[in-house]
2 protein chains.
Amino acid sequence: MPKSKHPESCPLSRRMARVAPSAIMEILKAVAAADVISFASGLPDPELYPTRDLRAITDEILTTDGRAALQYGPAEGVPALREWVAGRLRQRGLDVSPEGVLITHGSQQALDLAARAFLDPGDRVLLESPSYLAAIQTFDSYEAEYETLPVDGDGLDPADLRDRLRGAAPPKLLFILPNFQNPTGVTLAADRRQAVAAAAAAAGVPLLEDDAYHDLRYDGEPLPPVAALARNPWAIYTGTFSKTIVPGIRVGYAAGNPAVIARLAQLKQITDLHSSSLGQRIALRFCQEGHLEPQIARLCAAYRERRDAMLSALSTHVAGLATWTRPRGGMFLLLTLPDGIDTAPLLPAAMKAGVAFVPGGTFFPRGGGDHTLRLNFVSATPAQIETGVRLLAGVIRKAVG
Amino acid sequence: MPKSKHPESCPLSRRMARVAPSAIMEILKAVAAADVISFASGLPDPELYPTRDLRAITDEILTTDGRAALQYGPAEGVPALREWVAGRLRQRGLDVSPEGVLITHGSQQALDLAARAFLDPGDRVLLESPSYLAAIQTFDSYEAEYETLPVDGDGLDPADLRDRLRGAAPPKLLFILPNFQNPTGVTLAADRRQAVAAAAAAAGVPLLEDDAYHDLRYDGEPLPPVAALARNPWAIYTGTFSKTIVPGIRVGYAAGNPAVIARLAQLKQITDLHSSSLGQRIALRFCQEGHLEPQIARLCAAYRERRDAMLSALSTHVAGLATWTRPRGGMFLLLTLPDGIDTAPLLPAAMKAGVAFVPGGTFFPRGGGDHTLRLNFVSATPAQIETGVRLLAGVIRKAVG
């Protein structure tokens, strides 16, 4: 640094004190460089990507609609895609019009824009514990504080929620992941959804519902979004094409009341003007040409088999050493070791044995999950899963002793 | 709204009071719907887009590298693209390594991330008046205050800058657009650049330099970036492929000290994880295969002719009614009418006459430019430009009359 008249030597904004390298990213870099079976990543399996269809679609777009696909576009998104998403969400039970949809660069951006629209420094966010790490990091950057709702096999407990909302100063935002939550894979039970929706609406607390994994359901019938179950004018529901088409085109969305979405679109414009014109058109045409449902069916068949392989391998190798969640969809499950066994120090031993996971502590906004670990069950083949879980069991057995 | 226990009925964050619909966007929507010659937009001419090359390149990427192009990627960007950009910027005189480059969704996102990294509410930004509207809007959203530097035909005056930096509490950020500035088209003179760089560095004030139009130069030799002329460890230099390749793929960048860029990358990750894997690869391959220089030459030839057509039409039709800037590059020039003539109320009459512009007041962060208007000279053909300027002159003549 040159000599400075500034009182402080670092001119970064105060919020940057809450923005840190992601522990998970460091782990993923180490894992990627190692030759191990990785249950650590958050990646879908690229072997299952509809690359050939996407290639044909992209070529068609650039042949017939190249200028629009390469030009600037509206901040809100391509109108036909907003309309398609609105129709899709109405099938899920949400009362959404095309004007109530904002296309974003993945659902991460939808979460970030919602946080930016709602959170002042010191505002409290009420969220599940554990919860989605990248959302917590976003809330951190807006200098939020946390109140947490423990999660059991049926999700958060509405009685806990009502307790938290009862005070004179309710939290500013309720953030939930009702379907196959990252990192637990847990689904909020049908009978709890209505109670959660009603409690948030009655308290006038904006609901931020991330449903990124909605279509990756392997058992049972789809459940209605919480945002569909009570009139909450500030509710924002987020989703993505990253898990059903591909992540590399960065197409997701936020949906809600058109007046609220219009405010988010103003933020979107100053953030990056608009989402990729080409990426949006690729997603749209993929859906319009009928590729989405077969692709979802293909993914669900493959991922269901892998989930089953992991549950079966856990029963075989880990029973008695730990407990685990049994996801009905999504990509992850959470393993819980006996209290007092910190999983972070186990990772180097596991990687030496040939398998990787993510220590769970980082997913718990107020601590308490150091004895848990997250396993991705969709990235490896069933045979790799069997081997990986066996190797992991060896490491756990040594630690549990 | 349902009955609420909240003290306020609106739960939006305080910053949202500073986030409003863009006046320009409303104008552009009205203009797009009308049958007029538009000098209002900020759009490059899609007739000049290298659509065929981009189609071939995209097909090649999806054939040979489809999985990576459709998968998640690193927050910092595709390594080969970071390396390419670093090499390009070194040619401009900047001392940049690949680790000092962050790939963003357009340069707008680079500006937004920089503002997010530096600005706390109430922080003062020192910037040119007029300046780039979407940057002002971004700073607004971080609740910044402004100090302004008037711009003459050679850009800002370094003596003014030194005055502003002299106080006990210098501003938090210096934001400049040295090349063909939007909205004036003015270029910061060579002899002023060194003085500007030295003044900011001596005061320890971070420099944010937006050079989106660098390659669109129609006369004279390229000038070195201000960030290259003094050691300013917090300097951030932003650029984009939107003006040289196409905007629809949303690929831009921020460059600077690797330690500072690493902090911006942490913000990028929580903002939208990473930039489009496909878009980044399209830009990279376009550059690697040697398409960039011919495309820039093609754009410059066409845009130079249009700029000349507009300057010539202004001389013919507007001389004596107004003054105007004479850009050596970029896409815009600024017309100044006699003091007291507000250009905003002239727009409806102009559109009725068949021509559109953007009233200039909105580009002046602290006011004072109501008698100016911005003209885009690259979107229309030379013949349309001649007609449009003639129509505009009629409207101005009536107002000045």
Name the helices (complete DSSP H segments) of chain B with a Cα length along the long axis of 15 Å or more and a Kyte-Doolittle mean of at least 0.0, or state none. B:23-33, B:106-118, B:190-203, B:258-272, B:277-288, B:382-400
How crowded by other chains is B:60-71, given as the mean number of beta carbons from other chains within 10 Å of each beta carbon? 5
Have a look at the DSSP beta bridges in the protein assembly as shown and tell me what percent are antiparallel, nearest 5. 55 percent
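Normalising by the residue count of chain B, find the relative contact order in percent from Cα pairs under 8 Å and 6+ residues apart.
Numbers: 768 pairs, mean separation 91.7, N = 401.
Computed over chain B, the figure is 23 percent.
Around residue A:46, under 12 Å between beta carbons, what's the net of Lys plus Arg minus Asp minus Glu among the other residues? Write down the numbers at each step before the final one.
Details: positive: B:67; negative: A:45, A:47, B:65.
Every neighbour counted, the sum reads -2.
Across peptide A:222-234, what mean number of C-beta atoms from other chains lies inside 10 Å of a residue's C-beta?
Values: counts 0, 0, 0, 0, 0, 0, 0, 0, 1, 2, 2, 5, 7.
Other-chain Cβ atoms within 10 Å of each residue's Cβ, averaged: 1.
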With an 8 Å cut-off on Cα pairs and a minimum separation of 6 or more residues, tell me the relative contact order of segment A:15-117 in percent. 15 percent
If we hang a label 7 Å off Cα along the beta carbon direction at residue B:166, how far is it from the matching labels on the other copies, in nm, shortest first? 6.4
Output, in nm with one decimal and in ascending order, the distances from the residue A:32 label point to the matching label points of the other copies (7 Å from Cα along Cα-to-Cβ). 3.6
Percent antiparallel among DSSP beta bridges confined to chain B, nearest 5, equals 55 percent
Considering only the other residues whose Cβ falls under 10 Å of the Cβ of residue B:250, what net charge follows from Lys and Arg at +1 and Asp and Glu at -1? 0
With just the Cα atoms defining each centre, how far is segment A:41-118 from segment A:201-225? Give it in Å. 19 Å
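What is segment B:71-288's relative contact order, in percent, from Cα pairs under 8 angstrom and six or more apart in sequence?
Working: 430 pairs, mean separation 63.6, N = 218.
After rounding, I find 29 percent.
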Separation between Cα centres of segment A:296-320 and segment A:341-401, rounded to whole Å: 16 Å
Once you list every other residue whose beta carbon is under 15 Å from the beta carbon of residue B:57, what net charge do they have if Lys and Arg are +1 and Asp and Glu are -1? -1
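For the protein assembly as shown, just say rounded, prolate or oblate: build the C-alpha gyration tensor, square-root its eigenvalues into a ≥ b ≥ c, call rounded for a/c under 1.5, and beyond that prolate if a/b exceeds b/c, oblate if not.
Values: a/c = 1.74, a/b = 1.73, b/c = 1.00.
Here the protein assembly as shown falls in the prolate category.
Test of understanding: ordering A:210, A:35 by Cβ neighbours within 10 Å, fewest first, what list do you get? Walk me through the numbers on the way to the answer.
Details: A:210 28, A:35 8.
So the ranking, lowest neighbour count to highest, is A:35, A:210.
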Distances in nm from residue B:65 to the matching label points in the other copies, shortest first (labels 7 Å along Cα to Cβ): 2.6
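The numbers here are math on the coordinates, done by the rules we state, and not lab data. As the structure is a computational prediction, the values presented were derived from the model and not from experiment. Virtual Cβ from ideal backbone geometry, glycine too; neighbours counted across all protein chains shown.
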